[in-house]
Amino acid sequence: MKLKIINVSDILANFYQPRTKFDKEKIKELSESILSNGLINPITVTPDKKRKGKYMIVSGERRWQGHRTAKIKTIPCAVKEYKDENSFMIESLVENIQREDLTSMETAKFILKIKKSMPGIVSNRELAKKIGVHELTIGEHLNLVDDKTPKEVKKAVEQGKLAMRSASMIKQLPKEKQVAIAEESMKEETGIGRSKIEEKIKEHKIIAEYGEEKEENKKSYEGVTLNIFLNKEERQATIKACEKEKLQMEILVKKNHLDWLKKEKYL
């Protein structure tokens, strides 16, 4: 890699740029900063093999756009050669991930693009190793852009209201429940946290195994409706314990709830 001052007009945007959106206002602010303080870090480019004398950006497109906006004619560049197009694509992704320039959706779409360009060559494990992330992270990103993932879930992730890992977790739920969670998350100012997602998944599994709670099995204590997703024996034992011990709702929030019932011989 060598440093070189290159004409801004001889530099081309990265065709494989993972980042899809650039904030125009932030580009303007960056251009003003460059005019006042200069460019702190050079951008990384590679010679364009199809157009002699031209270079393609590997990383630093915002800084390049900042120079164009500021009407600065040249820009400091780190020039790097790549043995093939695949290496260039992977490097583009790595550079942006390390700089935390990408959203989860942008990363997911670019990982899918790499996978499609190298069918049968790059496994999730190989790609994870090249990028420097866990193999499961690659899988979660690919799940996000899967055709079966509801558009509402994708939108919630893009808005930052639903974490990528949470989107992957709810994939085990029916589509309508995934959509409901995504829509709920978009209504909340900070989205829905992982603990709430786990609760919803657990609730779904319990209902799937034991069925919905019947109205006659609900019992009210001091104005609070007790709706327990347990089998019949566990439900009756819990109600009996609440009545006898006057524990009301707090008994239900204990993680060792059933163990306690057995210990006290209610089960």
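Entry remark, the range 131-140: residues being assigned to a helix (DSSP H, G or I) and either surrounded by fewer than 16 Cβ atoms within 10 Å (Cβ to Cβ) or hydroxyl-bearing (Ser, Thr, Tyr) (or both) number 4 in total.
Residues in the range 1-47 that are over 18 Å from VAL58 (Cα atoms) and assigned to a strand (DSSP E or B): none. If I filter the range 71-81 for residues that are under 25 Å from ALA163 (Cα atoms) and exposed (fewer than 15 other Cβ atoms within 10 Å of the Cβ), do I get at least one hit? No, the conditions are met nowhere in the range 71-81. Of all the criteria given as (1) outside any helix (DSSP H, G or I); (2) at pLDDT 80 or above; (3) surrounded by 13 or more Cβ atoms within 10 Å (Cβ to Cβ), the one not satisfied by SER185 is (1).
The values are calculated or read from the model by the stated rules, or taken from the named source; none is laboratory data. What you see is a predicted model; the values in this text were computed from it and never measured. With ideal geometry, Cβ positions are generated from the backbone for all residues, glycine too; neighbour counts draw on all protein chains shown.
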